[in-house]
Amino acid sequence: MSIEDIGGAAGISGPALYRHFASKQDVLAHLLVGVSRRLLDGGRNVVASDVTDEERLRRLIAFHTEFALTDPDLIRVQDRDLASLAPAEARLVRRTQRAYVELWVAVLARLDPSLTLEMARIKAHATFGLINSTPHSAIPDTEVTGRLLEEMALASLGVNLDRPIAR
C-alpha cells in the first residue's frame, strides 16, 4: 500500500501523513501497538468485572468476537505485516499480546484447576484462531456470525451453552 493510499483512506494527502508519522513503518507500528493495547485494556475491563469466572470467559469471548467482526482489517494487517515491524515495536506488540493471552489463561485455569497453564494457553490461542479466522471468510450477517462464533468458542472451551452470553 502506498503512502498516498494510506493518506487517502485517512482523508488527507499522502505527504500530509508525514506531519503525524515519521514513516510508513511508523504508521504500521502505531496501528499494531494500538490495537494490541486496545485488546489488552478491554480484556482487563472484562476481567475486573464483578462476575463469576464463567461469565468473565463469556464476556471475553463476546469482546474478542465483537473486535474481530468490527475490525477485520486490523486482523488482516496483523497477520500480513507483523513481521515487517522493527524489532523493538514487534517486541512491544508481542509483549502486549502475551499479557492479553494471560488474562484468558488465568480465567481458564480458575474454571478448570486440572488445566496446566500451558494447556490453558493452548486453549486461549485456539479460541483466538477460531474467532480471528472471520476476516478471511465471507460474512453475510455479522450478528448471526457473531452468535455462531461465540457458541463455537464456548463449546470448544467446555462452557455451559444453556444460556446466552450476557451483553
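We did not get these values from a lab; they are worked out from the coordinates using the rules stated. Every value quoted in this text rests on a predicted model; they were computed, and no experiment measured them. As a convention, Cβ positions derive from the backbone with ideal geometry for all residues, glycine included, and neighbour counts pool all protein chains shown.
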Subject >> Relative contact order (percent, whole number), region 23-156, Cα cutoff 8 Å, 6+ residue spacing >> reply: 35 percent
Original post:
What dipole magnitude, in Debye to the nearest 20, does region 23-156 give about its Cα centre under +1 on Lys/Arg Cβ and -1 on Asp/Glu Cβ?
Top reply: 500 debye
Original post:
So how far apart, in nm, are the two label points at Asp73 and Glu151 if each is 7 Å from Cα heading toward Cβ?
Top reply: 3.1 nm
Original post:
How much length, in nm to one decimal, is gained on full extension between Ile139 and Arg37, taken as 0.36 nm per residue of separation minus their Cα-Cα distance?
Top reply: 34.1 nm
Subject >> Calculated FRET efficiency for the pair Val51/Ser114, C-beta based, R₀ 25 Å, to 0.05 >> reply: 0.65
